[in-house]
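This report refers to the structure that appears directly beneath it.
Read-outs throughout are calculated quantities, based only on the coordinates presented, and are distinct from any laboratory measurement. None of the values given here were measured: they were computed from a predicted structure. In this analysis, Cβ positions are derived from the backbone assuming ideal geometry, glycine residues included, and neighbour counts consider all displayed protein chains.
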Amino acid sequence: MSDAQKQLDTLLSQSATTVPRFPANSRYAATATTTLTTRDGQMVIYLRRRFVPQPERFAVLRDHAVVHGDRLDLLASMHFGDPELFWRLCDANGAIRPDDLTEAVGRRLRITLPEGLPEHSDA
């Protein structure tokens, strides 16, 4: 644990301020926090910026052709078993605006493994 993190933990344990805790299925679960000290000495805790990963970093399992009425939460539930994992569809398809993914009927969406997991090969 870094000195800054130790200081932050000490500060938080002494005050009513809490760092947001994100559930394991949140896109922000692994996003680190950092602090900023304002001119008047107040410490502000915030999340570091999360960059949308490059789609090439994901191993494709299958694709899905968008049909009328598709919603990302329903697709995430169908393919990942959890509607709150809709953000994995966004990441795997390079979408910053989630609605872009289901606007066009016929668009092919990449259904992938989580980032960093290699594609399985029987070779």
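Below, the figures for the structure above:
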item	result
The range 30-97: relative contact order as a whole-number percent, Cα under 8 Å and 6+ apart	26
Residue exposure sequence - 28, 46 - by fewest surrounding Cβ within 10 Å	46, 28
